[in-house]
Amino acid sequence: MQLAWDLLAKLDATDVREVFNHGVERYLTGDLPVAVALNVLEGADGIVTEDLMNRVRSHQKEQSEQDPLGRWSLAIEGGDVESGRKLFFEDSRLSCLRCHQVGRTGGQVGPNLTTIAAKKDRRYLLESICTPNAVVAEGFETALVLTADGETIAGIVKSENEDFLDLIKADGSMVRLELDDVEARRKGKSSMPDDLIDKLTMRQLRDLVAYLSSLTTDPRS
């Protein structure tokens, strides 16, 4: 269905606008499958009238005001798992493997994602990418520490006792601080980059969500 809409947008035929008009109207009334909505709207832009596209923008603005994830709702379903896998493992801009482990590959700064979809739904996965500070995974809260030397260190609390505080920094390295040297400490932001969404097109975001939502079984078991 997605390919059909993409090909239709490239045709120079008199009835193409009518088909896209119908598709956009279905989107506005909630009758269009979410999996093809992105293809329909991208194809419609430049084909349907500007008035109709303005209605789409107003609808999306209203969605964003009602739901923090509303602006990315088109990416929650319909992605290509294989394309998402390549983004996760191969895209250096995202560097997913620097922090996350899938199977035997990856870092341990962030949560292990090997079977993430067995525990979390697509909305949670989308939220983790788009607004990572909204909900921080348990056990991966970060701390922002000011030392007696005036140095500021941020990292995930790996362990803590009455003498030491061990932090895992964003680059994966570990630092041990003596509590006597800690001047101040407060909760920090998620170690997940909050600008990650700026490096993805909507289709890439849809593919990445599709890949993550496929991770239900540990291949090692």
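Measure nothing fancy, just the Cα-based angle from helix 16-29's long axis to the longest principal axis of the chain, in degrees from 0 to 90, nearest 10.
Taking Cα atoms only, the helix is inclined about 50 degrees.
Debye calculation, C-alpha points only, no solvent: report log10 I(q)/I(0) for the stretch 67-205 at q = 0.09, 0.10, 0.12 Å⁻¹, in the same order as the q values.
One equal scatterer on each Cα of the stretch 67-205 leads to -0.32, -0.39, -0.55.
Please give the per residue accessible area of the chain, computed with a probe of 1.4 Å over protein heavy atoms only, in Å².
The answer is 58 Å² per residue.
Could you pull out the trypsin sites (Lys or Arg not before Pro) across the stretch 1-109 that fall in loop regions by DSSP (anything but H, G, I, E, B) with no more than 13 other Cβ atoms inside 10 Å?
Answer in residue order: Lys10, Arg93, Arg104.
Treating the angle as unsigned and between 0 and 90°, give the value, to the nearest 10°, between the Cα long axis of helix 81-90 and the longest Cα principal axis of the chain.
That works out to roughly 40 degrees.
I'd like the distance between the alpha-carbon centres of the stretch 167-203 and the stretch 40-110, rounded to an integer number of Å.
Result: 24 Å between the Cα centres.
Considering only the other residues whose Cβ falls under 15 Å of the Cβ of Arg123, what net charge follows from Lys and Arg at +1 and Asp and Glu at -1?
+1
Determine the shape class of the stretch 1-94: with a ≥ b ≥ c the square roots of the Cα gyration tensor eigenvalues, call it rounded for a/c under 1.5, and otherwise prolate if a/b is greater than b/c, oblate otherwise.
oblate
Rounded, prolate or oblate for the stretch 1-44? Axes are the square roots of the Cα gyration tensor eigenvalues, ordered a ≥ b ≥ c, and the cut-off for rounded is a/c under 1.5.
oblate
Mind pulling the angle between the C-alpha long axis of helix 50-66 and the longest principal axis of the chain? Nearest 10 degrees, somewhere in 0 to 90.
Taking Cα atoms only, the helix is inclined about 30 degrees.
By a straight-distance test (C-alpha under 30 Å), which lysines pair with Lys10 as possible cross-link partners, with residues fewer than eight away in the same chain excluded?
Qualifying lysines at Cα under 30 Å: Lys61, Lys86, Lys199.
The values are calculated or read from the model by the stated rules, or taken from the named source; none is laboratory data. All figures in this text were calculated on a predicted structure; none of them were measured in a lab. Positions of Cβ are backbone-derived with ideal geometry, glycine not excepted, and every protein chain shown enters the neighbour counts. For the accessible areas, the whole protein counts, side chains as well, though only heavy atoms, and no ligand, DNA or RNA atoms are used. Shrake-Rupley method; radii C 1.70, N 1.55, O 1.52, S 1.80 Å.
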